[in-house]
Structures are given as C-alpha cells and as structure tokens.
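What follows is a set of notes on a single structure, which appears directly below.
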Amino acid sequence: MYQSINPSILRKAGDYILSDITLISYQTGDGSNPKKISIRDSVVEFNIYESIHNKCLSGDITVVDSLNVANHLPLTGFERIEFTFFTPSSNRGFNFSEKNGHPMFVYKIANRTETNPRTQAYTLFFTSKEMIRNEQTRCSQAFDTTFDNIILELFRNQNYLNSKKMITVEETRGTHKVVSPRVRPFEFINYLSKNSQSTQYENANFYFYETAAGFHFQSYESMLAMSGTVARPVVAKFVSKPTNLGADKNIIELM
C-alpha cells in the first residue's frame with residue numbers, strides 16, 4: 001500500500017514520502033567504497049527540527065536494532081545519514097541524499113537499552129555538516145566590508161563553514177571594520193546579526209538559520225513583509241491598560 005502512494009497527490013493529512021534511510025560510515029568496506037547499511041525497517045520514530053532561533057537543522061532517529069548495527073558498522077561518531085522526506089504534492093521537503101542533496105552527520109548516540117537478548121534500542125542524533133564545521137574551526141580575521149558580505153565569506157570560505165548549500169542574504173547598511181577574535185563562526189555570526197541593519201527597513205537584529213530550502217540571513221521584518229518589500233498592514237493593535245469598572249459591575253469585597 002505504501003508503494004502505491006502517488007507523490008503528486010496529497011490524499012489526507014499526515015501523508016508523507018520517506019525514502020530508504022542509510023547510514024554511511026567513514027570507514028571503507030570492500031574496495032574504496034564506504035560501508036553502508038539500511039536502517040529503514042528498524043526506525044520507529046524520527047524528528048527533524050528547524051527554527052529561526054537555531055543555526056542549523058537537526059534531528060533524531062529512534063532505532064530498534066536487531067542486527068547489531070552499532071557494533072558492526074560501527075557507530076563511533078560522524079557517520080552520515082542519508083534519506084529524503086517530503087509531503088506529496090509539495091516541492092518543499094528535506095533532501096539529505098548523497099546524490100543531489102546534503103547528508104546529515106550523526107554526532108551522538110543515546111538512550112541505549114536492551115529490549116531483549118538479541119535486540120537493542122537507541123536514539124541517533126544528527127545535524128548539518130555546518131554545525132560540525134563550526135565546532136572544529138575558529139575565525140581570526142579582520143574585515144572591512146558590509147556585514148552581509150562577511151556572512152557570505154564565513155559561509156563559503158573553506159577555512160570556515162565551507163558550505164555548498166543555498167543561502168539567501170538580505171543586504172545590510174554601511175561598511176564596517178570588525179575583527180573576529182578567534183571565535184567559532186556561529187559566535188561571530190551572532191555578533192553580526194545583532195548589529196546589522198537592513199537597507200530596506202528601519203530595523204535592526206537579523207536572524208541566521210537553516211530550513212529545508214537552505215540557509216537564510218534576514219531581518220525579522222523582512223520575514224513578515226509581503227513579497228519581501230512591503231510591510232504587512234496592522235490587523236489589530238492591543239494596548240495593556242486597567243479594566244474600567246463601571247457601576248454595573250459586581251464587585252466582591254473580601255473582609
């Protein structure tokens with residue numbers, strides 16, 4: 001029945017298309033190809049998290065393992081995890097495939113329990129490659145340009161995040177001389193985000209985050225604008241003030 005789902009038609013809420021889920025080891029097997037193993041039939045739950053308050057995508061997969069994958073692959077950290085997940089009739093989805101997407105990286109295994117003598121359950125936590133790069137590198141450089149150009153430099157430079165993913169950058173005002181004092185790229189990006197001002201809006205404070213469509217560096221107001229240029233009109237305005245107690249109000253006094 002699952003194979004009969006038409007990827008171009010959404011029939012009911014909750015329909016999804018999930019490809020095979022493959023773990024790819026950094027170790028090589030036969031020849032020069034890395035070891036791979038499918039865990040699609042062992043997965044009982046998986047979650048993907050994205051937010052404007054998180055720099056990168058992340059997620060977790062709960063596996064009931066009867067093949068002892070954790071020891072035979074083995075799972076030691078930085079394995080890649082590959083799959084695609086999307087809603088039928090929607091072109092927005094998560095492409096973590098090695099062929100035309102960007103695999104995620106396993107960074108933690110937790111909640112490991114033995115369900116019976118031949119089976120164990122555990123949870124694999126994964127995140128984007130850029131988060132791994134952020135933990136491995138430090139930025140120590142002087143810049144003399146706009147903040148949006150600095151973001152692009154940090155994002156593309158092979159010495160920093162070295163990312164090949166799509167990125168949408170909103171232009172910022174002014175040229176600035178700043179120095180990154182040997183800090184992680186995301187820490188420096190936080191500083192730039194808090195001090196950036198849009199060329200289109202009278203606002204400050206940008207957000208740097210990742211979604212299924214790639215990375216984004218944009219102001220909060222541009223996220224709420226129509227077509228990215230015209231601010232949305234105010235629908236309602238709420239003001240906090242004391243309640244007007246009239247004569248017809250029933251007031252109970254506690255003695």
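Every condition in (1) in contact (Cβ under 8 Å) with a residue 12 or more places away in the chain; (2) part of a strand (DSSP E or B); (3) of a type outside the set (K, R) is met by H102 except one, and the failing one is (2).
Just for the stretch 143-173: of the residues that are open to solvent by 70 Å² or more (accessible area, probe 1.4 Å) and touching a strand residue (DSSP E or B) at 6+ places or on another chain (Cβ under 7 Å), which one is farthest from T199 (Cα to Cα)? It comes out as M166. Looking only at residues that are open to solvent by 10 Å² or more (accessible area, probe 1.4 Å) and part of a loop (DSSP other than H, G, I, E, B) in the stretch 174-200, which one is farthest from I151 (Cα to Cα)? Among residues in the stretch 174-200 that are open to solvent by 10 Å² or more (accessible area, probe 1.4 Å) and part of a loop (DSSP other than H, G, I, E, B), the one farthest from I151 (Cα to Cα) is Q200. Quick one: would you say A110 is closer than 30 Å to M166 by Cβ and not β-branched (V, I, T)? Against the criterion (closer than 30 Å to M166 by Cβ and not β-branched (V, I, T)), A110 does not qualify. Is it the case that some residue within the stretch 134-146 is in a loop (DSSP other than H, G, I, E, B) and touching an Asp or Glu at 6+ places or on another chain (Cβ under 7 Å)? So far as the stretch 134-146 goes, no, none of its residues is in a loop (DSSP other than H, G, I, E, B) and touching an Asp or Glu at 6+ places or on another chain (Cβ under 7 Å). For the stretch 110-134, filtering for residues that are at positive phi and buried (at least 17 other Cβ atoms within 10 Å of the Cβ) leaves 0.
Of note, N100 satisfies the criterion of being within 23 Å of K35 (Cα to Cα) and under 20 Å from the mean Cα position of the chain (by Cα). Checking F126, F94, F86, F155 one by one, the residue that is in contact (Cβ under 8 Å) with a residue 12 or more places away in the chain and in contact with a helix residue (DSSP H, G or I) (Cβ under 9 Å, 6 or more places away or on another chain) is F155 and no other. Residues in the stretch 67-100 that are at pLDDT below 90 and either buried (at least 16 other Cβ atoms within 10 Å of the Cβ) or not β-branched (V, I, T) (or both): 21 in all. Scanning the stretch 14-62 for residues that are of a type in the set (D, E, K, R), more than 29 Å from S89 (Cβ to Cβ) and open to solvent by 70 Å² or more (accessible area, probe 1.4 Å) yields D30, K36. Annotation note: of T119, T127, T113, the sole residue that is at pLDDT 95 or above, over 21 Å from N33 (Cβ atoms) and hydroxyl-bearing (S, T, Y) is T127. Among residues of the stretch 18-45 that are part of a helix (DSSP H, G or I), those with a beta-carbon under 8 Å from a residue that is open to solvent by 80 Å² or more (accessible area, probe 1.4 Å) and at pLDDT below 90 at least six positions away or on a different chain give the pairs S42/L67.
The values are calculated or read from the model by the stated rules, or taken from the named source; none is laboratory data. It should be emphasised that the depicted structure is a prediction, and the values quoted were computed from it without experimental measurement. We place every Cβ from the backbone using ideal geometry, glycine too, and count neighbours over all the protein chains shown. Just the protein is used for accessible areas: all its heavy atoms, side chains included, with ligands, DNA and RNA removed. Shrake-Rupley method; radii C 1.70, N 1.55, O 1.52, S 1.80 Å.
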